[in-house]
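Since the structure comes first, as structure tokens, the remarks are kept for the end.
Every read-out reported here was derived from the displayed coordinates using simple, explicitly stated rules and does not represent laboratory data. The shown structure was predicted, so the numbers you read here are calculated from the model rather than taken from an experiment. Here the Cβ positions follow ideal geometry from the backbone for every residue, glycine too, while neighbour counts run over all protein chains shown.
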Amino acid sequence: MLYKEIASPAGLGSIIECFWILEHDYRSPLHTHEHLWAHGHSELIFSFGRRYYQKTEAGKTFLPEAFVIGPFKNKLMLFSDGFTGFVAVRFKAWGLWPFSIKPIPELVGQITPAQEIFGNKINRLIRGMKGRERKGKIEMVRQYWQREFSETDRARIASAPIGERIIAQNGIVSISELAKQFGINSRQLERVFRTETGLSAKMFSRIVRFNQAKRMIENDPEISLSRLTYEMGYSDQAHFSKNFRELFDYSPAAFKRRLKRFAREASGQFDVEFLQDR
């Protein structure tokens, strides 16, 4: 598997977390599908090769060539039967709002064809990437968003400073305190935040908090549950574990076991790289 992240250029950093590339043959017995965890961001994905699909009672539901994954409160499982590649944009939680022709709350928990989000003008970008190498595809996508994003767009994203504050505090913040800091009442804050991100500020804070806990486990699979509980602002381990499971379908202990098992089985078989834009 090849996975690379390319940092967003300075002009797009307020709305885009990164660009990324994935190439993988899903016939590999060690990695047969993608398990996406609950997260507050949205992703625009351009696929090349075998399509992803979801498993339903009716069988396989294949995803379109270009699609948007909205914010997810629970896990998402995507499958493929062969070699596939992706070039993608990972938007910040509020980054999609200036461009979407659909209300952002309608995207929560959904996978939507790109044309339904951006209109048919996105087709020109899709066609332009065909036949290009990875670097050329990424460059086309970057140039597209640099043309699309304006200072006017930046100025009208009211949820951005709220979301950045939540992230800076790892989601451990009360909504009433946030409202005081930004000089509005809690109801106004929640309305603005939900309109632009699709999530309540409370849910976004929870997702941020537990993704931080997940990262701490990924960085140190031997970390104790008591330390995780304390670091995440909980006084009760059982309550912390229950909330972790609600988002990720695993208890912290089960996630630690899963991570260690995968590390043993997959050692040296994946090429994962995080690139800084130069």
From the phi of every residue in segment 226-236, what ³J(HN,Hα) in whole Hz does the Karplus formula 6.51 cos²θ - 1.76 cosθ + 1.60 yield, where θ is phi - 60° and glycine or proline is x? 5, 5, 4, 4, 5, 4, 8, x, 9, 9, 10
About its Cα centre, how strong a charge dipole does segment 1-122 have in debye, to the nearest 20, once Lys and Arg get +1 and Asp and Glu get -1 at the Cβ? 80 debye
When DSSP beta bridges are limited to those with both residues in the chain, what percentage is antiparallel, rounded to the nearest 5? 90 percent
Where nothing but the Cβ of Lys and Arg (+1) and of Asp and Glu (-1) is charged, how large is the charge dipole of the chain around its Cα centre, in debye to the nearest 20? 220 debye
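For every other residue with a beta carbon closer than 9 angstrom to the beta carbon of ARG134, add +1 if it is Lys or Arg and -1 if Asp or Glu, then tell me the sum.
In short, +2.
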Which trypsin sites (Lys or Arg not before Pro) in segment 133-188 pass both tests, a DSSP loop state and at most 15 other beta-carbon atoms within 10 Å? ARG156
MRE, 222 nm, helices only [DSSP H, n ≥ 4, -39500 (n - 2.57), over the chain, to nearest 500]: -12500 deg cm²/dmol
Segment 22-102: D in µm²/s via Stokes-Einstein (Kirkwood Rh, Cα pairs, 4 °C, 1.567 mPa s)? 95 µm²/s
Distance cut-off 25 Å, percentage of C-alpha pairs in the chain lying past it: 51 percent
Convert each backbone phi in segment 81-91 into a coupling constant with the Karplus relation 6.51 cos²θ - 1.76 cosθ + 1.60 (shift: θ = phi - 60°), then list the ³J(HN,Hα) values in order as whole Hz, x for Gly and Pro. 9, x, 6, 9, x, 9, 10, 9, 10, 9, 7
Please get the size of the charge dipole for segment 159-264, origin at its Cα centre, with Cβ charges of +1 on Lys and Arg and -1 on Asp and Glu, quoted in debye to the nearest 20. 340 debye
If one computes the Cα centroid of segment 63-104 and of segment 25-52, what distance in Å separates the two points? 10 Å
Cα-based convex hull, segment 159-264, per residue volume (Å³, whole number): 104 Å³
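With the contact rule set at Cα under 8 Å and sequence spacing of 6 or more, what percent relative contact order holds for segment 159-264?
22 percent
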Rounded to whole Hz, the Karplus (6.51, -1.76, 1.60) HN-Hα couplings of segment 24-38, x for glycine and proline: 7, 9, 7, 7, 5, x, 7, 8, 9, 7, 10, 9, 9, 8, 3
